[in-house]
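Input: a single structure, listed below in structure tokens.
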Amino acid sequence: MLGNLPLDVPGLSVIELFDLTQRRKNDGDVQGALDLYKEWLRVHPIFPIRHAVLFNYGVALSDAGQLNEAKAAFDEAIRLDPKFLPPYINLGTLLERMGTIVPAIESWTKVANILGEVNGTQINYKLTALKNLGRVFEAANLDAKAEEVLRLSLDVSATQRDVLQQWISLRQRQWKWPVLLPWDGMTVAMQKKGISPLSAACYADDPMLHLVSSFHFSQEDVGRPARFHDPADFAARRQDPARPLRVGYVSSDLRHHAVGFLTAELFSLHDRSQVEVSVYYCGIAATDPIKERIQGSVDHWYDIRTLDEDQAADLIFDHQIDILIDLNGYTKDARPKMFARRPAPILVNWLGFPGSMASPSHHYIIADDFIIPEGDEIFYTEKVLRLPCYQPNDRQRTVAAPLSRQEAGLPENGLVLCSFNGTQKITPSVFDAWLEILHQLPDAVLWLLKGGEGADERLVAHAVQRGIAAERLIFAGKVPNPVHVSRYALVDLFLDTFPYGAHTTCSDALWMGVPVLTLVGRGFASRVSGSLVLAAGLSSDFLCQSRDDYISRAIALGRDRPALRALRTRLLAGRGSSRLFDLPALVRSLEALYAQMWEDFRQDRLPRPDLRNLEIYSDLCTQTDHETAEFRAGPGYVEELRARLADLHRFAAVPADRRLWTSPT
């Protein structure tokens, strides 16, 4: 140490500098923060964004009451980049504090002059252009450029939820951590309130954060339609129909997609004396064998891609659908605004989205006893109904002939660990766990899916920094699904991600005889793998309760090749009898749930989603630090939230709800 400065000040990036100085200020060490800025500026007399560092230094000096020094820092920042506007604003405020009003006015006037004739229309033009650039760059897999232009858009207007959601998703996909970064006008709390539900599930194992993310999406991105159906519109249907239940499935993914792969056989197994099956498809126009297979197995197939929300809702209402299943949730090309119009008396959330919709419209969510254990219903606005196993699986899936290890670029005799999850699911905590496992298993390699722009390079660089040779990370390119599934024949052990684990990827591995080691959390997305592993017939030893347990168990398995071979034999032999692949039993259970829902409707006891206090719970979630240490919603999680509610209640009364605040005192 040099005084209270780290010896490697010259090596600090600007982001690291800002982070360290902020931490020192938070710890009350204001002078330490100033010294760190001063030393960094001394050793970086020429630097591309020195003006930005000088501005932050000026802000810190101003906050410390060192006004003359702050003025000098702002003046120098302006000299280095006259078009950099923040120091003009702060300099004006500083000059006003010093009693020199005319120079303050001059400083602020310069800002207005630099901006020129900016008006609302011009700003909207700029935002539209930047948003379009971001969309086009992302579609072209130019993730870094997309992230850059979306950040510029957020600098202009931080209230664009869709832009913020895309920006966060891009950072996760590129393996850029910390994912959430504060800047002028944009706080981490704002980002937590704006994060998309899927990104929230990848970000932290916090089921309350997941719930309130869905709530914000429902309230702000879906909203209340001008026209929607209420229970009175369906009252005449309460007579027990002398016909099968009309069940409609809405999805953009009944095609070459994970949901399509899972459900390819499902619809053909429905008992037509009990259920009449309609599909309302809202995905891409292209056709493929999976889509054709599903189309041929349902009673009615309606393409609603070109229909607006009202038209699609009217079509479903006119078809007198009894139960409408949302197989999308908050995923790409979903139709949540159509569901908000309530075109059927019973609306159900199942399979496509791992969490609560937190909408005022969805009555039920379908899970199983493991994914949503008793007591965790508090994290869902829907009534929880349970199958023996939540996930359907296609027993007739096509698997290509496997490549040899040599053809796949794998060591012939080494241990092959894999995690074929998307890069957005790989957190630093779980990746460091994998590197520790590789340290202890020197003949092992880690097989991953090729990620987005720059992601693979960041993972490799991080591994090398931790002492793992670059060649021990092998990246698999995109191939047709039958070829991809055949890769598992070359794998010894699947290592799951956390907090968003493998879902379809997990059942693919188990189908191919590969044992899956998973870290169990509290959120829906972190518990699906555990459900599938148990349903496939593996023991709870493959369900780890801590990161240390996960690491030690992986190492033990990796050192016992005969045990891994025996597990493969056992899984393959059990495919015909395991609960995971017993699709006829799942369909019968599903139809029983549909009958239960219909009886609830007939008896006028449909559950009503409970949205009370979710804005308050959202504020509580923004207080949690999800990134500096591994966050897990452990045993004390609920008690901590209750304590925060009690503290808030001491100041202002919090009304009762059916979650954590049932009896305010």
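The values are calculated or read from the model by the stated rules, or taken from the named source; none is laboratory data. These numbers were taken from a predicted model, which means no experiment stands behind them. A quick note on method: Cβ atoms are made from the backbone with ideal geometry, for glycine too, and the neighbour counts reach across all protein chains shown. What goes into the accessible areas is simple: the full protein's heavy atoms, side chains included, and nothing from ligands, DNA or RNA. Shrake-Rupley method; radii C 1.70, N 1.55, O 1.52, S 1.80 Å.
Computed quantities for the displayed model
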quantity: Qualifying positions in region 236-265 - open to solvent by 40 Å² or more (accessible area, probe 1.4 Å) and assigned to a strand (DSSP E or B); calculated: 246
quantity: Residue satisfying condition, being within 22 Å of residue 558 (Cα to Cα), outside any loop (DSSP other than H, G, I, E, B), open to solvent by 30 Å² or more (accessible area, probe 1.4 Å) and of a type outside the set (Ser, Thr, Tyr), within set 471, 457; calculated: 471
quantity: Residue match in region 424-444 (condition: crowded, with 20+ Cβ neighbours inside 10 Å, closer than 22 Å to residue 203 by Cα and among the polar types (S, T, N, Q)); calculated: yes
quantity: Leading residue by the ranking (farthest from residue 169 (Cα to Cα)) among those in region 132-144 that are of a type outside the set (A, V, I, L, M, F, W, C) and open to solvent by less than 70 Å² (accessible area, probe 1.4 Å); calculated: 132
quantity: Filter result (open to solvent by less than 10 Å² (accessible area, probe 1.4 Å) and under 17 Å from residue 320 (Cα atoms)) within region 266-280; calculated: 275, 277, 278, 279, 280
quantity: Residues of region 644-665 satisfying the condition of being surrounded by fewer than 13 Cβ atoms within 10 Å (Cβ to Cβ), under 29 Å from the mean Cα position of the chain (by Cα) and not in a loop (DSSP other than H, G, I, E, B); calculated: none
quantity: Unmet criterion (only one of (1) buried (at least 17 other Cβ atoms within 10 Å of the Cβ); (2) within 25 Å of residue 179 (Cα to Cα); (3) not small (Gly, Ala, Ser)) for residue 41; calculated: (2)
quantity: Every pair of residues 6+ apart whose Cβ atoms lie under 9 Å, when the first sits in region 34-54 and is closer than 15 Å to residue 21 by Cβ and without any contact (Cβ under 8 Å) to a residue 24 or more places away in the chain while the second is open to solvent by 20 Å² or more (accessible area, probe 1.4 Å) and among the basic types (Lys, Arg); calculated: 41/50
quantity: Region 550-571: number of residues that are in contact (Cβ under 8 Å) with a residue 60 or more places away in the chain and assigned to a helix (DSSP H, G or I); calculated: 9
quantity: Residue within region 455-470 that is in contact with a strand residue (DSSP E or B) (Cβ under 8 Å, 6 or more places away or on another chain), of a type in the set (A, V, I, L, M) and closer than 14 Å to residue 580 by Cβ present; calculated: no
quantity: Residues (without any contact (Cβ under 8 Å) to a residue 40 or more places away in the chain, open to solvent by less than 40 Å² (accessible area, probe 1.4 Å) and among the hydrophobic types (A, V, I, L, M, F, W, C)) located in region 281-293; calculated: 290
quantity: Any hit, region 253-262, residues being in contact with a helix residue (DSSP H, G or I) (Cβ under 6 Å, 6 or more places away or on another chain), acidic (Asp, Glu) and at pLDDT 95 or above; calculated: yes
quantity: Candidate set: region 346-362, residues that are outside any loop (DSSP other than H, G, I, E, B) and in contact (Cβ under 8 Å) with a residue 60 or more places away in the chain; chosen: the one farthest from residue 197 (Cα to Cα); calculated: 346
quantity: Scan of region 408-423 for residues that are open to solvent by less than 10 Å² (accessible area, probe 1.4 Å) and out of contact with any strand residue (DSSP E or B) (no Cβ under 9 Å at 6 or more places or on another chain), ordered by number; calculated: none
quantity: Total residues in region 593-643, condition open to solvent by 70 Å² or more (accessible area, probe 1.4 Å), over 17 Å from residue 192 (Cβ atoms) and not charged (D, E, K, R); calculated: 3
quantity: Filter result (open to solvent by less than 40 Å² (accessible area, probe 1.4 Å) and among the small types (Gly, Ala, Ser)) within region 209-229; calculated: 213, 214, 218, 223
quantity: Some residue of region 323-336 being within 20 Å of residue 234 (Cβ to Cβ), assigned to a loop (DSSP other than H, G, I, E, B) and open to solvent by less than 10 Å² (accessible area, probe 1.4 Å); calculated: no
quantity: Residue check for residue 100: modelled with pLDDT under 90 and either in contact with a Cys (Cβ under 6 Å, 6 or more places away or on another chain) or not aromatic (Phe, Trp, Tyr) (or both); calculated: yes
quantity: Number of positions in region 302-322 that are open to solvent by less than 10 Å² (accessible area, probe 1.4 Å) and over 21 Å from residue 231 (Cβ atoms); calculated: 1
quantity: Residue 547 under 26 Å from residue 395 (Cα atoms) and either without any contact (Cβ under 8 Å) to a residue 60 or more places away in the chain or open to solvent by 10 Å² or more (accessible area, probe 1.4 Å) (or both); calculated: no
quantity: Residue in region 527-536 that is open to solvent by 10 Å² or more (accessible area, probe 1.4 Å) and not in a loop (DSSP other than H, G, I, E, B) present; calculated: yes
